[in-house]
Every structure is written in structure tokens, then in C-alpha cells.
Amino acid sequence: MEEIQARLLGNSKKGRLEKLGKTISFICIAIIVLVVASILYFVTSKGLSTFFIDGISFWDFLTGSVWNPGNVGENGQPLVGALPMITGSFLVTLLSAALATPFAIGAAIFMTEISPTTGKRILQPVVELLVGIPSVVYGFIGLTVIVPFFRSIFGGTGFGIISATLVLFVMILPTVTSMAVDALNAVPRYYREASLAMGATRWQTIYKVVLRSATPGLLTAVVFGMARAFGEALAVQMVIGNAALMPTDLITPASTLTSILTMGMGNTVMGTLENNVLWSLALILMVMALFFNILTRWIGKKGAIKK
Amino acid sequence: MKLKNSRLMLIIAFGFVLTACGPVVEQESITVVGSTALQPLVEAAGEQFGSENAGKFINVQGGGSGTGLSQIAADAVDIGNSDIFAEEKEGIDASKLVDHRVAVVGITPIVTPGTGVTDISLEELNKIFRGEITNWSELGGKDLTITVLNRASGSGTRATFEQWVLEEGQKSIITQEQESSGTVRQIVASTPGTISYVGFSYVNEDVVALSINGVEPTVENVKTNDWVIWSYEHMYTNGEPTGLTKDFLEYILSDEVQSTLIEAVGYIPTSQMEVERDVEGNRVPVE
């Protein structure tokens, strides 16, 4: 009797394994949380030191349009206006997302509703292949194909927002497509069956039932694509021209937060103003990443169909 | 059975973690960080040094002159590479650093073939980079808009170029920038009417190197200082070098490396210079 009791209440092998597993998972999670927290703290503290230590006005930083951190302007303040880069980042992000969305949703509809077999067999591997291509390859193709192409059409140098948009369009397309496919696949089968049973055509079903009930998922897909476009550095840096000028049109050289950030980081000394303002740019990027994250959660929370 | 399997997995997993820290006995290594212009040379020399001295490793990383200087000033690495004098970089306490000038690199303006211009005066070059001359026809070339391409601000190559082309207090126009010499050459080669600048070793048949005031960008002209746009390649140590760091620096400065490798990768040995320059760029007679 006591033996059984001891075996039931004492530590069995499985019980120990359970505890071990729990401990390992907990340690891993703790490390992740620690890493994320320290990244947040590091970027924030470095990014804010521009304003608190170097005494740059936050408003001047956000709205100034001259970027030349090593030099001071007429008012004696360093020239650290980030508006050209902020504008550039938002323009390429919004334009590439606007361009990619119809293609991605079209491909997703084809893969889930119109021809699932061809979609699974051919289109899906192709889309997944696109994800695996390193961004430097996209950048190089942009530099050697897209930039000369736009140069021959519009004149000028070919570097600019339009080239960056096109490169980013190709880069975010697989992300948006595969997430859109998931969203459409998540629509319950009986929605479609009910719609068809009531005499709706296939296109009516897709348009009025499937797309509508998958809207939150599709929006999430687009926002994810935008987050990727916003944070992409290497490929954009190669094709946008990296001129810290306010973009006046889509075909003159411009810059994004990431392109200026990655170009300058290696050439500045830690702790100097030139370095701190780069961290401030990084802070803007991080805040935007958080914003995109919250946005997807918010969209997800709004739930599937109302009524 | 399951239990055994998962234990085995754990043991294997930990085994991987442990072997990652590998056998470090009897091995020595140093880390060299900085200037991308100097990186190919140090990498080549490091490999050669490693093959001649078993168990000694030279880790070479790029990151730019600013990184090299800040990392060595913080004593985080063994050697910091830079194209510019430590005194020229803001925020660096140069008094603690020891300068080892391992080579000289000449920098030349390059343009896209077909501009119709092959020789230019220093003043004209100055006006191009300040945005006062905007068309090649103003220089006797074709009617073609000049596109100015700079290296990233803070780049050692750019600092050297601007030191000799721009005057005190003058600034380059805000224009396109690229991070690496390789990309600069690629863009200059393919974009009509573009002007930029690279180290001599990056010049090839895809681009046209301009001569300035009739002086051609050649190694010989750099040695006599007739071609003024050149800079030292510095390898800084924090305090006097010791141990492997010292050995490696001596190796790079040895006749063996200076007379073969340095020229093979497109630099000029410091020993062959007929002039010497100080931080301000003033000429100092060679002792």
C-alpha cells in the first residue's frame, strides 16, 4: 500500500521529465523576454539621447528637411532634419503595398478558390521560393535591370522612389500572398456551400462571401507586407539613390530611414551626435514596427464577419 | 523508450552547445576591425600570416573607419583600421592610440565613359561637387547633365576626397550617396554622366579616371605627391602593440608583404613614398 502511495505521490520519471521540460521552456522564454526588453531599452535610450544629451528639439528633428549631421545650420543647431527619410520610407511602403495587394489577393484567390491543385503544385512553391531569395539579390537585380529601365523611360538617373517601390513590390509579394492564402483557407467550407446552394455563381461567392469574411486576415497580410517594406534596408539602399532630399517626384533620388541608417552606422563614432541621430532614426523604425504589430492585433481582434 | 529518446536528444543538443565552444587550447587570435578600403589587404595578409603560423588567427571585419577608430579607442578590438587620422575623427581620444601606417591609397575621380571629358582642373572639380557646374558641356564635353555621386558621409574615402577638393568651410551638395566603393563603380559605369571617386584599386575599364590639371592618377604621381588626393591606411592599436598584434603588424610592415602583397591588391607601400604628410595635410620632408 505504502509502495503504491509513494509511487503515486513521489517523483516519477515522467514527472521529472515534465518538470525538466517546463524549466527549459521557461528559461528560453525568459531569455527571449530579456533580449527583447534590452533591445527596446538600448534603442530607446540611445535614440532619445539626441534630444536629452545633445539638446536637439524633437520637433526640429521630425520636421526639418536638411540632413547633414556633421554640420551646423544658420541657427547654430546641427542639421538633423529627418523628414526626407520619413517621407521616403512611408512613400515606398505605401506605394509598394498598394501595388502588391491586388496581385497578392488575385494569386491567393486563384490558389484557394479557382484552381487549388495547380496553385498548390506550381504557384505555392514559386511563391515560397521568392521568400528565400536574399535581399541583396533583389537589390542587385534592381540596380542592373529596374534602374536602367526607368532611366530609359523617364530620363534622369533612374534611382528613386519608383525603383525602390518596384523592388519592394516583388519582395513583399510572397509574404502578402502566402498570408492571404492562409486567410482565405480559414474561411469555413460551409460559407461557400451555403452561398452556392442559394444559387450564387462562383465569382459571387468569392466576392461577396469569401473575400468579405476573410477581410481581417487579408488586412493583416497587407500590414505584414508593409512592415516588411518599411524595415527593408539593403535592397532599397541600392536602388533609391540615398539622397537625403525631400522627394519632389517619384523619379529623383530619395532616401529612407533604413538606407541612411545602414550607410552611416559604420562611419560614425559611438556617443557622438552623428551616431546618436542614427539611433533616433532607429527609434522611429522601432516605434513603427510596434505600431504595425499593434495594428495587426487590432485588426485580428475586430473578428471575422459582423452581424 | 520515448524517455530514452528524449534524453538522448538532450544529450546530443548539449553536446552541440559544448562543441561550439570547441577546443581553444594552444590557439591565439586577434580581431581587426574597420575601413572597408583596407579590408581586402588585411584579409589577404591575415590569411597568409595564418598559413605561415599555425594556430594563429587574424579575424578581419569591415565596418568603416569610424567603427575601426571607435572600437580601438574603446579597447574592444586589437587593431582598428582607418583611412583617416584618429585626430580628424570627432569623439576619439587620439593620444592613447598608436598609429601604424601600412600603406598609401590614391583616390581618383571617375566618370561614366562618354562624357567627352578626361582632364579637369581642381577648381572645376570643386564646382561640380558644390553644384555650380551641372552639365558636361560647360567643361567642353557632351551636352549631358552631371550626376554627382558621393560616398556616405563619414566614409574615409569621402573625407580624403573632400579634404583636397573642397576648401575650408565648403560643403558638397546633398546628392546621391552609396556605401561601398564597389557599388559606386557599378553605378558610375552604368549611369550616363555620373561622377564619383574611388581608390585606385577600384578603377577598371568600365569607368574613366579623370586626370586633374594634366596629372594622371598613377601610382608614380602619388609617390611624388603630384597627385595630391591620397591618404594613409592606418592600423591603430590602443597603446604599444604586444604579442600576436605586434607580430602581425610587423608582418604587414615587413619587406615581404610590402613589396608583393600591397602592390598586388592595388595599394602603395609607405616606404616608397617620396613625401610624407601630417594630420593637417602639410608636406613633411622624408627623413
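What to note about this one:
- Within the range A:1-144: Cβ-based charge dipole about Cα centre, in debye rounded to nearest 20 (Lys, Arg +1; Asp, Glu -1): 800 debye
- Ordering B:92-103, A:226-237 by mean Cβ neighbour count within 10 Å, with the highest value first, yields A:226-237, B:92-103.
- Beta bridges per DSSP with both ends in the protein assembly as shown, % antiparallel, nearest 5: 60 percent
- Dipole magnitude of chain B about its Cα centre (Cβ charges: Lys, Arg +1; Asp, Glu -1), debye to nearest 20: 1520 debye
- The range B:36-72-the range A:167-187 distance, computed between alpha-carbon centres (Å): 43 Å
- Computed FRET value (nearest 0.05) for B:ASN59 with B:GLU280, which takes r as the C-beta separation and R₀ as 30 Å: 0.35
- Taken along its three principal axes, the alpha carbon spread of the range A:142-265 comes to 58, 34, 24 Å, from the longest extent down to the shortest.
- Separation of the alpha carbons by more than 19 angstrom is noted, of B:LYS89/B:LYS171; B:LYS127/B:LYS223; B:LYS56/B:LYS96, for B:LYS127/B:LYS223; B:LYS56/B:LYS96.
- Solvent-accessible surface of protein heavy atoms, probed at 1.4 angstrom with all chains present, puts A:THR248, A:THR272 in the order A:THR248, A:THR272, largest first.
- Residue-level accessible surface for A:TRP67, protein heavy atoms, 1.4 Å, Å²: 20 Å²
- Using C-alpha pairs below 8 Å separated by at least 6 residues, the relative contact order for the range A:1-98 is 15 percent.
- Of all the options A:VAL181, A:VAL137, A:VAL66, the one that moves most in a Gaussian network model of chain A with Cα springs shorter than 10 angstrom is A:VAL137.
- Compactness of chain A is given as radius of gyration and Dmax, 25.1, 92 Å, from Cα positions.
- Paramagnetic label zone (point 7 Å from Cα along Cα-to-C-beta, A:VAL137; backbone N under 17 Å) in the range A:163-178: A:167-175
- Note on A:139-149: average number of Cβ atoms from other chains within 10 Å of each residue's Cβ is 1.
- Working ranking of peptides B:107-118, B:62-73 by packing, defined as the average number of other Cβ atoms within 10 Å per residue, highest first, is B:62-73, B:107-118.
- Farthest toward positive dipole pole in the range B:97-157 [+1 Lys/Arg, -1 Asp/Glu at C-beta], among B:ALA152, B:GLY141, B:PRO113: B:ALA152
- Working note: Debye formula, equal point scatterers on the alpha-carbon atoms of the range B:69-226, no solvent; log10 I(q)/I(0) at q = 0.16 Å⁻¹ is -0.93.
- Carbon + sulfur, % of accessible area of the protein assembly as shown - ligands and nucleic acids excluded, 1.4 Å: 61 percent
- Solvent-accessible surface of chain A, taken per residue with a 1.4 Å probe and all protein chains present: 54 Å².
- Peptide A:256-268, shielding by other chains (average Cβ, 10 Å cutoff): 6
- In chain B, a dipole from Cβ-located charges (positive for Lys and Arg, negative for Asp and Glu) runs towards its positive end, and of B:ALA37, B:PHE161, B:HIS234 it is B:ALA37 whose Cα lies farthest in that direction.
- Principal axes of the protein assembly as shown: Cα extent on each, largest first, Å: 95, 72, 48
- Annotation: extensible slack from A:LYS14 through A:ARG202 equals 62.4 nm (criterion: 0.36 nm per residue apart, minus Cα-Cα distance).
- Where only DSSP H runs of four or more residues are counted, the protein assembly as shown gives -16000 deg cm²/dmol as its mean residue ellipticity at 222 nm, each run worth -39500 (n - 2.57).
- With a 1.4 angstrom probe, the accessible area lost at the B-A interface totals about 2400 Å².
The values are calculated or read from the model by the stated rules, or taken from the named source; none is laboratory data. Computed from a predicted structure; not experimentally measured. Reconstructed Cβ throughout: ideal geometry from the backbone, glycine too, with neighbour counts over all protein chains shown. The accessibility values were calculated without ligands, DNA or RNA, using every heavy atom of the protein model including side chains. Shrake-Rupley method; radii C 1.70, N 1.55, O 1.52, S 1.80 Å.
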